[in-house]
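Reading through the structure tokens given below for one structure.
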Amino acid sequence: MKLPAEYYQGEDVVAIAKDLLGKLLITSIDGQFTSGVIVETEAYNGRCDRACHAFGRRTPRTEVLYKAGGLSYVYLCYGIHSLFNIATNVEGKADAVLIRAIEPVEGVEVMLKRRKMDVLKPQLTAGPGSLSEALGITTRLTGTPLSGSTIWLEDNDKTYDSDEILIGTRVGVAYAKEDALLPWRFRVKDNKWISKAK
DNA sequence: GCAATGATTTACT
DNA sequence: GTAAATCATTGCC
């Protein structure tokens with residue numbers, strides 16, 4: 001059921017981002033097992049997308065994006081939030097998919113504890129910074145293969161029809177100018193676990 | 001070596 | 001609705 005490495009090495013990062021909806025994201029960190037269904041993603045293309053960290057430069061931080069797909073890329077934003085990405089495409093092509101929201105499945109108590117919450121609310125995992133914290137993902141997981149036993153994805157019988165998927169523009173990337181208008185944000189329609197629509 | 005800034009969240013006015 | 005928190009990475013000196 002675990003997704004093979006080849007799955008992440010496709011040419012079309014946008015298609016992968018869309019297909020990831022409904023897949024299971026699982027982490028086993030510090031002996032704590034947690035999982036959730038991916039309900040919101042964004043695609044980033046390293047070659048023609050100004051919003052991608054790897055656009056126009058290759059630095060130690062973005063090096064993992066240039067490697068073959070199937071690695072995790074965790075970026076610390078605003079000094080507070082860890083954003084979880086999946087590096088895709090083949091070596092030399094710096095594409096990535098940002099996971100923006102999941103629907104909790106297993107280990108809810110663990111997630112609540114990590115988030116210092118005592119009641120299950122949508123905001124537990126809605127938003128890239130929140131879901132990373134809930135799953136225990138931190139920057140030290142950057143470069144971790146998704147085929148390992150720390151963090152991985154599994155196929156799920158649950159797939160969404162195209163009429164159940166909302167496509168929109170990405171948020172928080174206004175500085176990328178015209179690239180911010182690309183319709184590379186995918187989310188599941190009428191799902192209460194996605195981050196609030198703008 | 002040092003200063004500027006961001007794939008955001010949260011709390012407060 | 002607006003503003004503050006907070007630090008690794010980056011780019012310039």
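Just so it is clear, none of the values below were taken in a lab; they were calculated from the coordinates. Model, not experiment: these values are computed from the prediction. Cβ coordinates were reconstructed from backbone atoms using ideal geometry, including for glycine residues, and neighbour counts include every protein chain displayed.
Some notes on this structure:
- Segment A:55-70 residues that are closer than 21 Å to residue A:150 by Cα and outside any loop (DSSP other than H, G, I, E, B), paired with ones that are within 13 Å of DNA strand B (Cβ to nearest atom) and acidic (Asp, Glu) (beta carbon under 8 Å, 6 or more apart): A:65/A:95
- For the residues A:174, A:180, the requirement of being aliphatic (A, V, I, L, M), without any contact (Cβ under 8 Å) to a residue 24 or more places away in the chain and over 23 Å from residue A:4 (Cα atoms) singles out A:174.
- Residues that are away from DNA strand C (no atom under 16 Å from the Cβ), closer than 26 Å to residue A:77 by Cβ and not in a loop (DSSP other than H, G, I, E, B) within segment A:125-164 comprise A:131, A:134, A:135, A:145, A:151, A:152, A:153, listed in sequence order.
- Subset of segment A:165-198 that is in a helix (DSSP H, G or I) and loosely packed, with under 14 Cβ neighbours inside 10 Å - its residue that is nearest to DNA strand B (Cβ to nearest atom): A:175
- Hey, residue A:5 under 19 Å from residue A:146 (Cβ atoms), free of Cβ contacts under 8 Å to residues at least 24 places away in the same chain and not hydroxyl-bearing (Ser, Thr, Tyr) or not: no
- Test: residue A:87 is in a loop (DSSP other than H, G, I, E, B), among the hydrophobic types (A, V, I, L, M, F, W, C) and either more than 12 Å from DNA strand C (Cβ to nearest atom) or touching an Asp or Glu at 6+ places or on another chain (Cβ under 9 Å) (or both): no
- All positions within segment A:101-113 that are in a strand (DSSP E or B) and either without any contact (Cβ under 8 Å) to a residue 60 or more places away in the chain or within 17 Å of residue A:146 (Cβ to Cβ) (or both): A:102
- Residues located in segment A:52-84, provided they are within 12 Å of DNA strand C (Cβ to nearest atom), farther than 22 Å from residue A:136 by Cα and in contact with a strand residue (DSSP E or B) (Cβ under 9 Å, 6 or more places away or on another chain): A:52, A:53, A:54, A:55, A:66
- Residue A:25 vs. criteria in a strand (DSSP E or B), closer than 16 Å to residue A:171 by Cα and more than 10 Å from DNA strand C (Cβ to nearest atom): no
- Residue in segment A:108-139 that is nearest to DNA strand B (Cβ to nearest atom), counting only those that are surrounded by fewer than 16 Cβ atoms within 10 Å (Cβ to Cβ) and of a type outside the set (Val, Ile, Thr): A:123
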